[in-house]
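Report on the following structure.
The values are calculated or read from the model by the stated rules, or taken from the named source; none is laboratory data. Note that the coordinates shown come from a computational prediction; the quantities given were computed from them, not determined experimentally. Note that we place each Cβ from the backbone using ideal geometry, even for glycine, and neighbour counts take in every protein chain shown. Heads up: the accessible areas ignore ligands, DNA and RNA and are worked out on the full protein's heavy atoms, side chains in. Shrake-Rupley method; radii C 1.70, N 1.55, O 1.52, S 1.80 Å.
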Amino acid sequence: RAKDDGRCVYRFFESEMDNAARERRMIEVELRDAITKGELVLYYQPMVSAEDEQPVGFEALIRWNHPGRGPVPPAEFIPVAEHSNLIVDIGDWTIQQACLTAVDWPEHLTVAVNLSAKHFRRSDVAQVVQKALNQSGLAPGRLEIEITEGLLLEDPDEVVRKLGELRALGVIIAMDDFGTGYSSLSHLLKFPFDKIKIDRSFVHASGEDDVARDILKAIVALGRTLQLKITAEGVETRAQAMFLAELACHQLQGYYFARPLDPAEMLHYLLTRVPGRAGVVKAEAERQL
Ligand code: C2E
Ligand code: MG
Ligand code: MG
Ligand code: MG
């Protein structure tokens with residue numbers, strides 16, 4: 001009896017696996033089309049200066065505008081793209097699109113792009129970035145590339161070389177989700193980062209306990225010692241924003257200031273919240289001609 005049950009569970013498990021694999025293949029096929037059909041969209045979330053809460057830049061966050069399912073979050077399709085070679089096409093598109101969009105913003109605003117570790121490994125990213133900069137005319141200093149520590153775990157020499165190439169272009173390199181990796185500290189010393197983005201889990205916990213607040217304080221102090229720019233992610237409350245500003249964290253990002261904005265919301269944000277908006281109005285008007 002027990003044996004039968006076991007087999008039954010096993011069979012169930014096996015068919016679940018099939019379903020997962022089938023589901024992944026289905027998404028993969030649809031995703032391939034999504035790129036050519038223009039169903040991928042970049043949303044933009046403001047990063048504000050901790051000092052005066054004015055926007056200093058935006059992070060591009062990809063969405064898939066699926067005809068049946070509405071905007072699909074990246075967690076549901078980026079892993080599938082990474083499983084195939086689609087991540088290279090999607091990554092190239094994202095970098096190119098972000099540069100073309102940001103060049104129309106007022107010049108003091110930066111744009112940040114998330115780079116998948118798989119994309120980084122499989123392509124000549126410096127060449128892709130160079131091409132996107134040339135094509136758009138965006139100043140390299142206005143582009144930030146966000147990578148996570150996963151990238152740094154394999155073949156560090158090759159990664160250092162490629163990050164060096166990127167940095168030589170004049171773009172800014174940021175470590176995303178700082179503090180969640182295995183050895184964030186040693187990675188900071190070994191790789192040429194310009195910026196750290198403190199993971200939102202630390203910011204979230206800081207509302208509740210003193211230890212979390214002390215850790216945040218230590219991370220900001222560490223970043224300052226290494227002369228890195230520091231952005232805190234996932235700021236959801238006024239209390240968190242005030243605490244981080246007190247610590248002299250440079251930039252804040254999170255729902256408290258704005259959610260990731262779709263293209264129409266983004267235009268509205270630029271028109272109403274950003275000084276020097278005349279340039280944007282002009283660029284937008286020209287595009288519509
Ligand atoms: P990430 O780069 O750490 O991006 C921050 C995530 O936190 C975003 O989720 C954002 O919507 C969310 N977030 C922002 N503020 C708050 C807040 O106050 N509270 C909470 N709870 N969440 C907040 P999203 O857009 O779903 O993206 C998830 C992850 O997917 C990103 O994490 C990034 O690793 C990846 N991703 C997004 N866009 C791209 C892309 O174009 N290419 C690649 N390769 N990965 C991307
Ligand atoms: Mg990011
Ligand atoms: Mg992050
Ligand atoms: Mg993340």
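Restricting the range 263-287 to residues that are modelled with pLDDT of 90 or more and touching a helix residue (DSSP H, G or I) at 6+ places or on another chain (Cβ under 7 Å) leaves a set whose member that is surrounded by the most Cβ atoms within 10 Å (Cβ to Cβ) is L270. Pairing each residue of the range 53-69 that is open to solvent by less than 40 Å² (accessible area, probe 1.4 Å) with any residue that is acidic (D, E) and more than 15 Å from ligand 1 (Cβ to nearest atom), provided the two are 6+ apart or on different chains, yields C-beta distances under 9 Å for W64/E30; H66/E30.
The residue pairs whose first member lies in the range 190-203 and is more than 24 Å from E154 (Cβ to Cβ), whose second member is small (G, A, S) and part of a strand (DSSP E or B), and whose beta carbons are closer than 6 Å, counting only pairs six or more residues apart or on different chains, are I198/A232; V203/A232. Just one of the listed residues (G207, G181) is within 16 Å of ligand 1 (Cβ to nearest atom), over 22 Å from the mean Cα position of the chain (by Cα) and not hydrophobic (A, V, I, L, M, F, W, C), and it is G207. Each residue in the range 179-217 was checked for being open to solvent by 70 Å² or more (accessible area, probe 1.4 Å) and in a strand (DSSP E or B), and 0 of them qualify. Scoring T180 on the criteria (1) closer than 15 Å to C249 by Cα; (2) within 16 Å of ligand 2 (Cβ to nearest atom) leaves a single failure, condition (1). Within the range 222-243, the set of residues being away from ligand 1 (no atom under 16 Å from the Cβ), closer than 24 Å to F257 by Cα and open to solvent by less than 60 Å² (accessible area, probe 1.4 Å) comprises G223, L228.
Scanning the range 103-157 for residues that are within 16 Å of ligand 1 (Cβ to nearest atom) and touching a Cys at 6+ places or on another chain (Cβ under 9 Å) yields V111, V113, V129, A132, L143.
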